[in-house]
Amino acid sequence: MTVCRLGPIAVQYTAIVAASNAWMTREVNGVVLIGGRSRRMGQPKQSLAFRGSTLTEAVVRALQPHVARVVLAGSGPVPEALEMLERLADPPDVAGPMAGVAAAMRWSPESAWIVAACDMPRISAEAIRWLTEQRRPDAWAVLPRSRAGNVEALLAVYEPQARPLIEAQIADGRWGLHHLTDHDHVSSPTIPTELAEAWTNVNTPEELRNEELGIRN
């Protein structure tokens with residue numbers, strides 16, 4: 001019996017093809033983070049009325065055409081229209097947005113996740129489409145940067161390969177998702193100017209009122 005042994009280059013090529021195929025067929029889900037402290041807003045952001053529905057519903061509607069499913073991560077009441085969505089509890093030992101990302105990745109570790117906050121009134125289909133187009137087989141996450149160089153960890157993509165990085169940060173008590181960009185396999189493309197407003201969030205009643213009125217700062 002003849003045994004065919006692949007050379008190093010062939011083995012490397014086979015691994016690259018396998019990784020590429022896995023990436024192309026990977027399920028992409030969306031998670032909306034809710035339940036933050038909302039100190040400056042004075043009430044839970046996920047229930048805030050906005051243009052005939054709520055802020056959270058607007059974010060969910062924007063995500064749905066681009067993902068297999070949308071889930072909510074965090075605690076607190078949600079709009080009646082979203083009560084049918086899967087709810088994920090934040091891990092008790094994790095703080096901030098890191099908790100919602102960890103909850104999603106632990107719940108479905110083989111999925112890629114588009115992570116958004118519930119307070120993004122200008123989120124758009126065009127921005128999400130651009131974000132998904134930044135995915136690459138060798139990119140473990142896509143955390144875009146603003147023109148000013150700020151890392152946008154929400155409205156970002158986290159692939160399964162990012163989970164060990166996240167779990168390592170949790171073990172170290174480092175809650176800032178922006179630290180992931182220190183890793184060579186985390187992509188951080190600059191957001192196009194015409195899409196930048198999609199990453200806007202609201203923190204105060206005045207900011208929400210301005211969004212309702214269409215006032216741009």
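The values are calculated or read from the model by the stated rules, or taken from the named source; none is laboratory data. Since this is a predicted model, take the numbers as computed values, not measurements. Glycine also receives a Cβ, built like all others from the backbone with ideal geometry; neighbour counts cover every protein chain displayed.
Quick notes on this structure:
Listed here are the residues, each with its yes/no results for (1) touching a helix residue (DSSP H, G or I) at 6+ places or on another chain (Cβ under 6 Å); (2) hydrophobic (A, V, I, L, M, F, W, C).
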| site | (1), (2) |
| --- | --- |
| A95 | no, yes |
| A103 | no, yes |
| C118 | yes, yes |
| R136 | no, no |
| W140 | yes, yes |
| A148 | no, yes |
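- Subset of the stretch 115-136 [of a type outside the set (F, W, Y), surrounded by 17 or more Cβ atoms within 10 Å (Cβ to Cβ) and over 28 Å from E206 (Cα atoms)]: L131, R135
- Boolean, E159 is at pLDDT 95 or above, among the charged types (D, E, K, R) and under 29 Å from E212 (Cα atoms): no
- Residues satisfying the stated conditions in the stretch 186-217, i.e. surrounded by 12 or more Cβ atoms within 10 Å (Cβ to Cβ), in a loop (DSSP other than H, G, I, E, B) and either touching a helix residue (DSSP H, G or I) at 6+ places or on another chain (Cβ under 7 Å) or small (G, A, S) (or both): S188, I191, P192, V202
- Some residue of the stretch 66-76 being surrounded by 17 or more Cβ atoms within 10 Å (Cβ to Cβ), touching a residue at least 60 places away in the same chain (Cβ under 8 Å) and closer than 16 Å to N201 by Cβ: no
- Residue pairs meeting the criteria (Cβ under 8 Å; at least 6 apart or on separate chains; first more than 19 Å from N29 (Cβ to Cβ), in the stretch 152-181; second of a type in the set (V, I, T) and at pLDDT below 95): I170/V94; W175/V94
- Those residues of the stretch 86-111 which are surrounded by 16 or more Cβ atoms within 10 Å (Cβ to Cβ) and assigned to a loop (DSSP other than H, G, I, E, B), in sequence order: D90, V94, S108, S111
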